[in-house]
1. How big, in percent, is the set of alpha carbon pairs in segment 15-80 lying more than 16 Å apart?
2. With Cβ to Cβ distances under 10 Å as the rule, what net charge do the other residues near residue 59 carry (K, R +1; D, E -1)?
3. Let's test the formula: R0 of 22 Å, r as the Cβ-Cβ distance of residue 42 and residue 63. What FRET efficiency results, to the nearest 0.05?
4. Suppose every K and R has +1 on its Cβ and every D and E has -1 on its Cβ; what is the size of the dipole of segment 15-80 about the Cα centre, in Debye to the nearest 20?
5. Report the gain in length on full extension from residue 30 to residue 18: 0.36 nm times residue separation, minus Cα-Cα distance, nm rounded to one decimal.
Amino acid sequence: MANTAHEPAAAPLTADCFAIACRAMDDMVLLAHIREQHKLSLQSYGRPRMAEELQELGFDVSNHRVGRLMCQNGIKAFRTRKHIPLGYVDMPCQSAGDYGQQSQL
């Protein structure tokens, strides 16, 4: 038996709904550029540098917006270099037995 009930008509877009729809479209365009820059940077750009790249391309974006889009879509930066703490570079290693002893001639 077929359902004879009529579907309610869709409500016309109000100004608020239109603004939300425009924001979602802008987010989709930004996300496409974020994915492209992420690929071009060999997945090494994080939120601040990605926002800077998008601003150089002419987009008016904030770090927060870029971070939100990256987080929602699972886009993460990967470290390409090994982190070396600055205080421990080129320091000789001393064992516990050698500490405090002087060489004897």
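Every number in this text was worked out from the coordinates using simple rules, so none of it is lab data. All figures in this text were calculated on a predicted structure; none of them were measured in a lab. FYI the Cβ positions are ideal-geometry reconstructions off the backbone, even for glycines, and counts take in every protein chain you see.
1. 42 percent
2. For residues surrounding residue 59, the net value is -3.
3. For residue 42 and residue 63, the calculated efficiency is 0.55.
4. My answer is approximately 400 debye.
5. 2.5 nm
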